[in-house]
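The block underneath contains the structure these notes are about, expressed in structure tokens.
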Amino acid sequence: MADLKNLNLVEKANKGTFLELKNPCDMSEVLTDEGEKCGDKDKVKAFYLKLLGSDSNTYRAALKEMKREIKQASKGGKNKNDDNEEDVERGVARLLAKCTTECYVVEDGKVIDCTEQEMTRLYMTYTWMREQADVHASSRAVLMTS
């Protein structure tokens, strides 16, 4: 028998799920550090993000904040219309950064700290990463299989 209690997506979304980042040019290939961080090819580590889902309290609060900021920028005369592309992209990057609770990513030979500021920068710099994170965080099916 179906039971709504089994579909408590807010609870599951608040826990978060892991996403292994894929090569944007070959989605069948998981990105890895190729053992470079520890100098041992036998200890290859996949790049990953842990993301709260779109039903999470954090995601919903960040979405409200993003909408409010874009609306304020529009009212302040900064933008002629509400969907200024750069403001929306930055808003989505910040929203996803707030929902990224853990990560392992190497950039320029260095492991990136999983801070809101660093993740916002990465999501703005690497649009493919932002797209993968956005799709993952928005997928309720991911929550049901974790």
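For this structure, a couple of remarks:
- Val135 fulfils the conditions (1) of a type in the set (A, V, I, L, M); (2) surrounded by 17 or more Cβ atoms within 10 Å (Cβ to Cβ); (3) closer than 17 Å to Phe18 by Cβ except for a single criterion, (2).
- Of all residues making up the stretch 82-126, the number that are assigned to a helix (DSSP H, G or I), surrounded by fewer than 13 Cβ atoms within 10 Å (Cβ to Cβ) and not acidic (Asp, Glu): 2
- The stretch 102-132, residues that are farther than 17 Å from Ala46 by Cβ, in contact with a strand residue (DSSP E or B) (Cβ under 9 Å, 6 or more places away or on another chain), touching a residue at least 12 places away in the same chain (Cβ under 8 Å) and among the hydroxyl-bearing types (Ser, Thr, Tyr): Tyr123
- Qualifying residue in the stretch 39-60 (condition: loosely packed, with under 14 Cβ neighbours inside 10 Å, touching a helix residue (DSSP H, G or I) at 6+ places or on another chain (Cβ under 8 Å) and modelled with pLDDT of 90 or more): yes
- The stretch 39-63 - residue that is within 21 Å of Thr115 (Cα to Cα) and in a helix (DSSP H, G or I) and, of those, nearest to the chain's Cα centre (by Cα): Tyr59
- Meets criteria (more than 16 Å from the chain's Cα centre (by Cα) and among the hydrophobic types (A, V, I, L, M, F, W, C)) for Met144: yes
The values are calculated or read from the model by the stated rules, or taken from the named source; none is laboratory data. This structure is a prediction, so every number in the text was calculated from the model and none was measured. Virtual Cβ from ideal backbone geometry, glycine too; neighbours counted across all protein chains shown.
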